[in-house]
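What follows is calculated from the coordinates using simple rules that are stated; it is not laboratory data. Here the structure is a predicted model, which is why all the values come from computation and not from measurement. Positions of Cβ are generated from backbone atoms using ideal geometry, with glycine treated the same way; all protein chains shown enter the neighbour counts.
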Amino acid sequence: MLERGAIMAKTTKKTENKFTKSQVLESKKFTNKDLINAILEDGRMYTLKEVEKIINNYLKRKVK
């Protein structure tokens, strides 16, 4: 017999909020505004996880 919470966890799908580049720039979560302005695209929506991943990938890239 499954617990009620286990069933709810499987059937509930949480959607993440998406934000525009300008909304991300206005947020207090991210402090490097120049970097965000340079690497995010205008007119596209991003989740906070996507923004973090894009920033981390940019900072970890190899310098040519």
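For the reader, a short list of remarks on this structure follows.
- Long pairs among Lys28/Lys64; Lys28/Lys62; Lys14/Lys53; Lys18/Lys64, criterion Cα-Cα beyond 26 Å: Lys28/Lys64; Lys28/Lys62; Lys18/Lys64
- Each peptide among 35-42, 56-63 gets the average number of other Cβ atoms lying within 10 Å of its residues, and from highest to lowest they stand as 35-42, 56-63.
- Candidate cross-link partners of Lys33 among the aspartates and glutamates, defined by an alpha-carbon separation under 17 Å and a same-chain spacing of 8 or more, comprise Glu41, Asp42, Glu50, Glu52.
- Summing +1 for each Lys or Arg and -1 for each Asp or Glu among the other residues whose beta-carbon sits under 15 angstrom from that of Lys60 gives +3.
- Neighbourhood charge, 15 Å Cβ-Cβ cut-off, centred on Thr20 and excluding it, Lys, Arg +1 and Asp, Glu -1: 0
- Kirkwood Rh, angstrom, the range 15-64 [1 / mean 1/r, Cα pairs]: 11.3
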